[in-house]
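Presented below is the structure to which this report refers.
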Ligand code: CA
C-alpha cells in the first residue's frame, strides 16, 4: 500500500513534534507547516491524504485554511482533523460546516489522536471499497436509478444503453452530487474499458452521455473553467 501522507499544521513546536513522532512511528509520511500560508502552499503542491489542522495559528488562521482547502477542487477531498481549544465550540461548528471531518480538543492524548487518524483512513477505505464494488450501493437521483454492481442505468424505469465508459463517468459524477471534478480528476476516477485519456475525450464522452440521458442530461452540469458536476438536488 502507498504510504499515507499527512500534513501537520501547528505553530507550537512541542505539539508539532509530539504529533509528528507518533505519526512517523505508525508509518505515516509527515510534512509540517507552522503557518496557514505554509499549509496552503504545501497542500497546493503535494499529494496529501490528511491534514491535521490547528485552528489557532498566527496569520491566516486554521478556519481560513480549512475554508480554502474545501473550496479548492484540487484539495477539497483531503480529510481535515481540526485541533481546537476545549472551549471553542463555535469554531468547531464553523469548521465542521466548512467541511472539516473531525476535531479533537487540546490537550489531547496522542493515542486518541492516532485512533482518530486510523478511523478516518478506515472510513476512506470503506468508501473506496464501496465505490469499487458498488454492488449494493444503488444511486437514486430524481428519475435516474444507477446500479453500479449491475452496470445498469434506468431512466424512469427504462434501461439506458450506455457504453462502459459512459456508465463509469455517470456513476463517478452521480456518486457525489454537487461536487465539481476537473477533467483530470475524472480521468483518474474513471477506469472503464475505453477509459478516456485526454481532457478533450472527457468532453466528448460527456456530450454523448448527456444525449443518451435525454431529459436527465442536464443533471450533468458544466462548471466553466473547472470541469463537471452532477446537480445536487438537495441544494435547493
Ligand atoms: Ca496554535
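Nothing in this text is a laboratory measurement; each read-out follows from the coordinates by a stated rule. Bear in mind that the values here come from a model prediction, so they are computed numbers and not experimental data. Backbone-built Cβ (ideal geometry, glycine too); neighbour counts: all protein chains shown.
A helix-only calculation puts the chain at -13500 deg cm²/dmol for mean residue ellipticity at 222 nm, using -39500 (n - 2.57) for each DSSP H run of at least four residues, averaged over all residues.
Starting with the highest mean, order 200-213, 27-40 by the number of other Cβ atoms within 10 Å, averaged over the residues of each peptide. If you can, show how the numbers build up before the last one.
Numbers: 200-213: 16.4, 27-40: 18.4.
Per-residue mean Cβ counts within 10 Å order the peptides as 27-40, 200-213.
With 10 angstrom as the radius, rank 47, 183 by how many other C-beta atoms surround their C-beta, starting from the fewest. Each step should come with its number before you reach the end.
Values: 47 9, 183 18.
By the 10 Å Cβ count, ascending: 47, 183.
Extending 7 Å from Cα along the Cβ direction at residue 47 and again at residue 22 yields two label points whose distance is 2.7 nm. Look at the alpha carbon pairs under 8 Å that are at least 6 residues apart: their mean separation over the length of segment 136-230 gives a relative contact order of 26 percent. Across all C-alpha atoms in segment 1-146, the radius of gyration and Dmax reach 16.2, 55 Å. With respect to the chain, whose longest principal axis is taken over its alpha-carbon atoms, helix 110-133 is tilted by about 10°.
If you plug the beta carbon distance of residue 141 and residue 37 into 1/(1 + (r/R0)^6) with R0 = 45 Å, you get a FRET efficiency near 0.70. Suppose R0 equals 45 Å. What FRET efficiency, 1/(1 + (r/R0)^6) with r the Cβ-Cβ distance, do residue 114 and residue 233 give to the nearest 0.05? With a Förster radius of 45 Å, E is 0.70.
Working from Cα pairs under 8 Å separated by at least six residues, relative contact order for segment 16-139 is 20 percent.
Listing 180, 126 from the residue with the fewest other Cβ atoms within 10 Å to the one with the most, what is the order?
Details: 180 17, 126 10.
The fewest-first ordering by Cβ neighbours comes to 126, 180.
With the radius of gyration and the Kirkwood radius both derived from the Cα set of segment 1-81, what is their ratio Rg to Rh? Spell out each step's value before the answer.
Details: Rg = 11.8 Å, Rh = 12.5 Å.
Using Cα coordinates only, the ratio equals 0.94.
Enumerate the residues in segment 36-53 having an amide nitrogen under 20 Å from the point lying 7 Å beyond the Cα of residue 3 toward its Cβ. Answer for this model: 42-52.
Gyration tensor over the Cα atoms of segment 136-230: the corresponding equivalent ellipsoid has semi-axes (square roots of 5 times the eigenvalues, largest first) of 19, 14, 12 Å. Let's test the formula: R0 of 45 Å, r as the Cβ-Cβ distance of residue 93 and residue 212. What FRET efficiency results, to the nearest 0.05? That pair, residue 93 with residue 212, gives E of 0.55. Normalising the average separation of contacting C-alpha pairs (under 8 angstrom, six or more residues apart) by the number of residues puts the relative contact order of the chain at 11 percent.
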